[in-house]
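The values are calculated or read from the model by the stated rules, or taken from the named source; none is laboratory data. Since this is a predicted model, take the numbers as computed values, not measurements. Here the Cβ is made from the backbone with ideal geometry for all residues, glycine too, and neighbour counts use every protein chain on show. SASA here: full protein model, heavy atoms, side chains in, ligands and nucleic acids out. Shrake-Rupley method; radii C 1.70, N 1.55, O 1.52, S 1.80 Å.
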Amino acid sequence: MFTLLSPHPAALIKTDKKATLVIADPHLGWEMSLQEKGIHVPSQTKKLLKKLVDLLDKHKPDALIILGDVKYTVVTSGPGEWRDIPEFFVELKRHVADISIVRGNHDANLDPMLPENVAMHPATGLAVGDVGLFHGHKWPSPALLGCKTLFMGHLHPVVVFRDPAGFKITRQAWMRVDCDAQALGKTLLKKHGVKIEGTVEETLQKYFKVKPRATQLYIMPSFNDFLGGRPVNETRPQKALGAEALIGPVLRSAAVDVENSELYLLDGTYLGTLRQLKQLDS
Ligand SMILES: [Mn+2]
């Protein structure tokens, strides 16, 4: 069982054994990257830490999972990160015993900054009860197909509203996407170089001991509200090079129905489907 902790970009997963708080994409040190351009914004890490500690103290979970992109830089690590990130985790440890991270595309070189007892999982994810968690820039592991619900980060969905005066308002949003477990299973078998023997279900059972059950995918908003996001309802062509690739393989696959996905503000307000919201930008 899981709950979205509105108005926060966080979720709580409860199993018989434990409660797990999940957040995604904090991108600590984002503001440091502006320094190269001569813009000096004070570190925002303490604010994010306080926001997270408040959630931990309120819900008292047994475990915390960060669904990738703990830090901002992709390859090298800036000096700000060396100071901020170890302190961030040492403080978190005072509020939750078990911390783990699902590796995102920004988490190269993160390991030396972590306290010893923070667990690192591959980007292909892990299952917590009936919820499968993966970052989103890579395919999930076939084991996650056995979970009814999948959660991913990576996209940082926001919805953009424009008005005739030229104002542009963006708001962070949750995206709930219908998922076809059979189709996703078929694609994952292909990615793993496994030929289908009989049905997709039989093949998944034989090679991965999993029954495809995933029917929905939630895309988590970034925990860092200072950071920009991807305006999912923008219809103008994305100019950035490789913008399509940044969406990640699952959302580009036919296994999920992105056009009819449902969008919710952080406070839980239902906005409509992506198809409907795209009309706001035409
Ligand atoms: Mn990412």
### Task
Compare V90, V159, V131 in a GNM of the chain, Cα atoms joined below 10 Å, and give the one with the largest fluctuation.
V90
### Query
Say the cut-off is 30 Å between C-alpha atoms; which of K18/K148; K60/K206; K18/K51; K50/K209; K47/K168; K18/K46 go over it?
K60/K206; K50/K209
### Query
Which value, in Å², gives the accessible area per residue of the range 1-108 when a 1.4 Å probe is used on the protein heavy atoms?
47 Å²
### Query
Using a Gaussian network model of the chain with C-alpha springs under 10 Å, which one of L217, L150, L126 is most mobile by mean-square fluctuation?
L126
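Tell me, what % of the accessible area of the chain is carbon and sulfur with a 1.4 angstrom probe? Working shown, then result.
Details: 7520 of 13670 Å².
The value for the chain is 55 percent carbon and sulfur by accessible area.
Order the following by accessible area, largest value first: I23, I39. Probe radius 1.4 Å; ligands, DNA and RNA are ignored. Numbers along the way, then the final one.
Numbers: I23 0, I39 85 Å².
Ranked from most to least accessible, the order is I39, I23.
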### Message
Could you tell me how far the Cα centroid of the range 3-49 sits from the Cα centroid of the range 137-192, in Å?
### Response
18 Å
### Task
Mind running the shape call on the range 28-151? Use the C-alpha gyration tensor, a ≥ b ≥ c as the square roots of the eigenvalues: rounded below 1.5 for a/c, prolate if a/b tops b/c, oblate otherwise.
oblate
### Summary
Phi angles of the range 215-222, converted by Karplus (6.51 cos²θ - 1.76 cosθ + 1.60, θ = phi - 60°) into ³J(HN,Hα) in whole Hz with x for Gly and Pro, give 10, 8, 10, 9, 9, 7, x, 5
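Rounded, prolate or oblate: pick one for the range 123-282, where a ≥ b ≥ c are the square roots of the eigenvalues of its C-alpha gyration tensor, a/c under 1.5 means rounded, and failing that, prolate if a/b is larger than b/c, else oblate. Let's see the in-between values first.
Working: a/c = 2.33, a/b = 2.09, b/c = 1.11.
Prolate, since a/c reaches 1.5 and a/b exceeds b/c.
Just add up the charged neighbours of K50: K/R +1, D/E -1, any other residue whose Cβ is under 12 Å from the Cβ of K50.
Values: positive: K46, K47, K51; negative: D54, D57, E91.
Net charge around K50: 0.
Tell me, which longest segment in the chain has none of the chymotrypsin sites (Phe, Trp or Tyr not before Pro) that fall in DSSP loops with at most 16 further Cβ atoms within 10 Å?
The longest such stretch corresponds to 1-166.
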### Task
Enter the accessible area per residue of the range 124-185 (Å², integer; probe 1.4 Å; all protein chains in place).
36 Å²
### Query
For the modelled label position 7 Å from the Cα of D57 along Cα-to-Cβ, which residues of the range 96-121 have backbone nitrogen atoms closer than 13 Å?
96
### Message
Quick check: from the Cα gyration tensor, does the chain come out rounded (a/c under 1.5), prolate or oblate?
### Response
oblate
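Would you please give the FRET efficiency between R236 and D257, computed as 1/(1 + (r/R0)^6) with r the Cβ-Cβ distance and R0 = 22 Å, to the nearest 0.05?
Numbers: r = 22 Å, r/R0 = 1.02.
Efficiency for this residue pair is about 0.45.
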